[in-house]
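Step one of this worksheet: look at the structure below.
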Amino acid sequence: NIDLVYAKLALEPNMNTGAIVSASVGFTFSVLTNLNALSFDLRKELSVDSVVYHDKKIGFLHGTNHILNISLPNALPQNALDSIRIYYHGIPNMGSRAYSRSVNASGPNISTLSQPYGAPYWWPCRDNLKDKIDSLDVLLTVDTPYVAVSNGVLQNILIEGSKRTYVFKHRYPIANYLVAVSFSKYNTNTQKAFLSSTQKDLD
């Protein structure tokens, strides 16, 4: 009943335990049919702190079937464009490999591998292969000296005390299971590609 137009995912893990300390995802969507409720897939191991709609917290039910049901205060008409944000935290089920923590010689590593239906193990989404997200931003916060990576192009690194927030921008349609994050003590390498003036500028 909706078409996801844009998603903004923000996430901060605890590198020592693998827990998601704080996270949120905001969706912009267009309405395909009249509706007064929304639903997203999210495993029960994760706790929803609040759902914010038009700057106000609204009611929700996170049931045992791993579905997050959200009641809207007003019905939305067909073709409307609207948005919502979900705040959550918790310890994902790491036995699924969709979200996992390991330790090697450099220290702890956290990564995701959601294909084909693992995305709800670590972030709220509509876990189907039909409704791709048209555009995506990912903000990952982690303690120094860890490095965070995700889909798209790195836009900025925001530094606040001992923490760094890596800001990624992705501007192509993407299925939920292809959204990925990883945290480790990565080495960073930079390469430049020189394009012809007739080639479309890469964003």
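The values are calculated or read from the model by the stated rules, or taken from the named source; none is laboratory data. No experiment lies behind these values; they were computed from the predicted model shown. Positions of Cβ are generated from backbone atoms using ideal geometry, with glycine treated the same way; all protein chains shown enter the neighbour counts. Ligands, DNA and RNA are stripped out before the accessible areas are found, and what is left, the full protein with its side chains, is counted by its heavy atoms. Shrake-Rupley method; radii C 1.70, N 1.55, O 1.52, S 1.80 Å.
Given P116, P92, P120, which one is more than 16 Å from V21 (Cβ to Cβ), in contact (Cβ under 8 Å) with a residue 24 or more places away in the chain and touching a helix residue (DSSP H, G or I) at 6+ places or on another chain (Cβ under 7 Å)?
Just a single option satisfies the conditions, and that option is P116.
Please give the number of the condition S22 fails out of (1) surrounded by fewer than 16 Cβ atoms within 10 Å (Cβ to Cβ); (2) in contact with a helix residue (DSSP H, G or I) (Cβ under 7 Å, 6 or more places away or on another chain).
Going through (1) surrounded by fewer than 16 Cβ atoms within 10 Å (Cβ to Cβ); (2) in contact with a helix residue (DSSP H, G or I) (Cβ under 7 Å, 6 or more places away or on another chain) one by one, S22 breaks only (2).
For N74, are the conditions met, namely being more than 27 Å from L38 (Cα to Cα) and open to solvent by 20 Å² or more (accessible area, probe 1.4 Å)? Reasoning before the result, please.
On the way: more than 27 Å from L38 (Cα to Cα): no; open to solvent by 20 Å² or more (accessible area, probe 1.4 Å): yes.
The answer is no for N74.
Restricting attention to the range 84-128, which residues are of a type in the set (S, T, N, Q) and open to solvent by less than 50 Å² (accessible area, probe 1.4 Å)?
S96, S100, S106, N109, S111, T112, S114, listed by residue number.
Name the residues in the range 35-69 that are out of contact with any strand residue (DSSP E or B) (no Cβ under 7 Å at 6 or more places or on another chain) and small (G, A, S), would you?
none
Residues being open to solvent by 80 Å² or more (accessible area, probe 1.4 Å), touching a residue at least 40 places away in the same chain (Cβ under 8 Å) and either among the aromatic types (F, W, Y) or part of a loop (DSSP other than H, G, I, E, B) (or both): count how many of those fall in the range 129-179.
3
Which residues, counting only those in the range 180-199, are under 12 Å from the mean Cα position of the chain (by Cα) and assigned to a loop (DSSP other than H, G, I, E, B)?
Within the range 180-199, A180 is the sole residue that qualifies.
How many residues are among the charged types (D, E, K, R) and out of contact with any Asp or Glu (no Cβ under 8 Å at 6 or more places or on another chain) if we restrict to the range 117-149?
Number satisfying all stated conditions: 5.
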